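A short reminder: the numbers here are calculations on the coordinates, not readings from a lab. Because the structure is a prediction, the values reported are computed rather than measured. Backbone-built Cβ (ideal geometry, glycine too); neighbour counts: all protein chains shown.
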């Protein structure tokens with residue numbers, strides 16, 4: 001048995017909304033994207049119903065994509081201008097050699113079970129911050145830009161084509177751009193596996209209620225009671 005010694009309000013409501021909307025959109029985008037790339041459940045080619053069915057998959061993919069973009073832009077705004085200290089970019093400085101020093105290495109050792117003592121962070125630890133930046137910020141930016149470039153092919157001269165169409169010749173053609181977009185999508189299930197491992201590990205090792213904190217907003221610090 002343990003006792004609760006501290007309760008900290010870490011994730012505010014806007015951050016929690018962003019997290020779950022992003023998770024839902026990512027799942028829908030990944031599943032529909034796989035189906036669009038290889039519609040294995042379709043009837044024989046030539047059937048009109050197949051083209052109508054695929055159109056619905058594309059519509060769901062596009063609708064989820066625009067919600068994903070709006071949610072991403074909101075999170076970016078909140079990270080820069082929001083009053084939430086744990087959700088801002090302020091402490092993330094990977095360009096500084098000091099950022100890669102002892103705290104970062106200690107957290108890596110902890111995740112690999114090389115270090116027995118768990119470093120204590122209220123918000124994101126250095127490894128989690130780097131993973132979010134690489135997978136969520138950079139990965140999402142790549143998917144948004146390439147996705148809008150492909151979307152612009154449906155409406156030559158429209159917004160997507162005018163603002164992002166330059167990516168098609170940059171990648172060497174439409175096919176290569178589609179392939180890069182499809183390939184990059186696989187970083188998201190990889191990230192989800194890493195993310196779930198880290199979250200559940202923190203709950204088991206340092207008992208800070210990380211899993212429930214993205215629902216309630218509160219992290220709990222628990223210590224064992226002396227026998």
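Treating the angle as unsigned and between 0 and 90°, give the value, to the nearest 10°, between the Cα long axis of helix 48-81 and the longest Cα principal axis of the chain.
Taking the Cα atoms of the chain, the angle to 48-81 is about 40 degrees.
If contacts are Cα pairs under 8 angstrom and at least 6 residues apart, what is the relative contact order of segment 2-224 in percent?
Taking the mean separation of contacting Cα pairs over the length of segment 2-224, I get 29 percent.
Please give, to one decimal in nm, the separation of the simple spin-label points placed at residue 216 and residue 174, each 7 Å out from Cα toward the Cβ.
Going by the 7 Å Cα→Cβ label model, 5.3 nm.
Please work out the FRET efficiency for the pair residue 141 and residue 102, using the Cβ-Cβ distance as r and a Förster radius of 35 Å; give the result to the nearest 0.05.
Efficiency, from the Cβ-Cβ distance: 0.70.
Relative to the longest principal Cα axis of the chain, at what angle does helix 174-184 sit, 0 to 90 degrees, rounded to 10?
Orientation of helix 174-184: about 20 degrees from the principal axis.
Say R0 is 35 Å: what FRET efficiency, to the nearest 0.05, do residue 80 and residue 116 get from their beta-carbon distance?
0.40
Say each of residue 205 and residue 17 gets a label point 7 Å from the Cα, pointing the same way as Cα to Cβ; how far apart are those two points in nm?
3.4
For residue 183 and residue 69 in one chain, what is 0.36 nm times their gap in residues minus the Cα-Cα distance, to one decimal in nm?
Value of the extension gain: 39.1 nm.
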